[in-house]
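All remarks here apply to the structure that follows.
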Amino acid sequence: MTTTLATTTPTPTATRPHPATATTRPRTPRPRTAPGGPAGTRPRGPAGTHPRTTTPSSTTAPSRTTVPPRALPPHTVFAERLLAVFSGERPVHWMLGHTVGEAYEQLVRIAPETPLRSLGPRPVLRRCSVQVHEGRAVVEAFATIATGPRVRAMAFRLERGADHRWRCAAVELDGLGATARRA
């Protein structure tokens, strides 16, 4: 007696589309571009659809206003610039238009040793505080910088010129500026 087993092949069932895509158009393949899109284009999506302007546009509701990004204070900007020079990320001449008086010579003496270069992660500005003098035209700032497990100190003086631009007038790193000046 021979029995034959009937093998059943599964019949394709109608697949239902996902509820979120049921009412949308069929997907067309996206063009291949770089992650940020072609050069010169604005990113799309939540970050690119809302320009940072204070004037309401025709696409936004009149009651909704956007806040422009807040600029960093000048002492923080200069601390980051000095950190880039002392860590070797930027050359000394990058600070040429941002220094006045003996500050550039101090940078030339200190920076070649790249005192903040570390073999581990990039040095990070941990804290930057300021003391304002003489009618807000002179600022003395000090910063703490973490280079791996070590914390370093940096002090600098900013002066506001007649053109209302801040320029670095003096800089010291762990006392290196003071000893180099006396030598």
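The values are calculated or read from the model by the stated rules, or taken from the named source; none is laboratory data. In this text, all values refer to a predicted model and were calculated from it rather than measured experimentally. Cβ: placed from backbone, ideal geometry, glycine included. Neighbour counts: every protein chain shown. Ligands, DNA and RNA are excluded from the accessible area calculation, which covers all protein heavy atoms including side chains. Shrake-Rupley method; radii C 1.70, N 1.55, O 1.52, S 1.80 Å.
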Here, strands (runs of 3 or more DSSP E) confined to segment 61-161 with at least 1 residues that are over 19 Å from G175 (Cβ atoms), touching a residue at least 12 places away in the same chain (Cβ under 8 Å) and not hydrophobic (A, V, I, L, M, F, W, C) are 150-160
Confirm whether A111 is at pLDDT 85 or above and either of a type outside the set (A, V, I, L, M) or surrounded by 12 or more Cβ atoms within 10 Å (Cβ to Cβ) (or both). yes
Picking from D163, D174, the residue that is surrounded by fewer than 12 Cβ atoms within 10 Å (Cβ to Cβ) and acidic (D, E) would be D163
For residues in segment 138-160 being open to solvent by 70 Å² or more (accessible area, probe 1.4 Å) and basic (K, R), which is farthest from P115 (Cα to Cα)? R160
Taking segment 115-131 and the residues there that are open to solvent by less than 70 Å² (accessible area, probe 1.4 Å) and modelled with pLDDT under 90, the one that is farthest from H75 (Cα to Cα) would be G120
